[in-house]
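One structure is given below, encoded as structure tokens.
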Amino acid sequence: MQRYFVSDENLSGNTITIKGDDVHHISKVMRMTPGATILCVSESGKTAVTKIQEITNETVSGTVIEWIDEKKELPLKVAIASGLPKGDKLEYIVQKGTELGAHEFIPFIASRSIVKWDEKKSSKKIERLQKIAKEAAEQSHRVVIPTVCAPYKIRELISYAQKFDHKIVAYEEDAKAGESSTLAKIFTLANAGDSIVFVFGPEGGFTPDEIEQLKDHGFISCGLGPRILRTETAPMYALAAVSYHFELLR
């Protein structure tokens with residue numbers, strides 16, 4: 001059943017109104033007609049089985065058949081902080097990270113980030129990334145759309161990250177040295193409902209100064225197995241590890 005996210009302002013009793021790009025998707029792409037059934041997810045994460053009543057050029061309106069309780073989200077709220085990578089790698093991280101359950105994406109400008117963030121185009125870039133997250137959330141049957149932040153500087157990232165229960169930085173030098181137990185130890189200390197932020201460097205990795213700054217502010221440095229992972233692969237490893245430990249082993 002096709003899934004769509006709707007804002008609370010478009011919920012009125014048992015009536016749901018869909019607007020924007022989703023109207024085109026329903027009518028032109030999926031070629032649905034009145035009587036078709038879809039899933040509508042509210043901002044609070046509640047899912048309604050909805051029967052379409054009317055389709056116009058501007059809106060799709062439907063009636064709630066029933067509200068269902070879905071358990072789709074990771075037991076922990078996981079944020080992925082990525083040093084700005086080259087090309088479309090950030091789009092990949094947002095798309096695949098959403099499918100794997102990330103709750104938030106935090107790009108940051110690292111010393112070795114090659115790409116330069118254009119402030120004039122920032123709002124459009126974030127809008128595109130947020131759209132990618134929305135579509136990936138629909139595809140993977142999430143009940144929450146992850147948030148994509150505008151890029152922070154390293155000090156801003158450190159300040160923002162203080163709200164998380166667990167702060168981890170993946171450091172390739174730890175992997176090269178054979179470190180393999182820290183991540184597992186952190187998982188044994190974490191509980192369902194906790195928040196965790198993983199920080200990953202850009203293609204060139206972290207500078208020693210960046211690692212020291214992060215460690216000085218409570219980040220724990222660890223390796224992700226014996227292999228050196230690409231900047232777009234490492235977040236997927238971390239999210240898969242969280243899912244395995246907190247979902248499949250429980």
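Here is how the numbers come out for the structure above:
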quantity	calculated
Within the stretch 187-213, tally of residues that are free of Cβ contacts under 8 Å to residues at least 60 places away in the same chain, in contact with a strand residue (DSSP E or B) (Cβ under 9 Å, 6 or more places away or on another chain) and under 18 Å from R112 (Cα atoms)	1
Criterion (assigned by TED's automatic domain parsing to the domain that holds G83 and surrounded by fewer than 18 Cβ atoms within 10 Å (Cβ to Cβ)) met by exactly one of L229, L189, L224, L214	L189
Some residue of the stretch 72-93 being more than 30 Å from I158 (Cβ to Cβ) and either in the same structural domain as V144 (by TED's automatic domain parsing) or touching a residue at least 60 places away in the same chain (Cβ under 8 Å) (or both)	yes
Subset tally (residues that are among the basic types (K, R), surrounded by 15 or more Cβ atoms within 10 Å (Cβ to Cβ) and in a loop (DSSP other than H, G, I, E, B)) for the stretch 104-152	1
Given (1) over 18 Å from E135 (Cβ atoms); (2) modelled with pLDDT under 95; (3) not hydrophobic (A, V, I, L, M, F, W, C), number of the condition K72 does not satisfy	(1)
Qualifying residue in the stretch 174-185 (condition: crowded, with 16+ Cβ neighbours inside 10 Å, assigned to a strand (DSSP E or B) and assigned by TED's automatic domain parsing to the domain that holds S82)	no
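The values are calculated or read from the model by the stated rules, or taken from the named source; none is laboratory data. This is a predicted model, so every value here is computed, not measured. Virtual Cβ from ideal backbone geometry, glycine too; neighbours counted across all protein chains shown.
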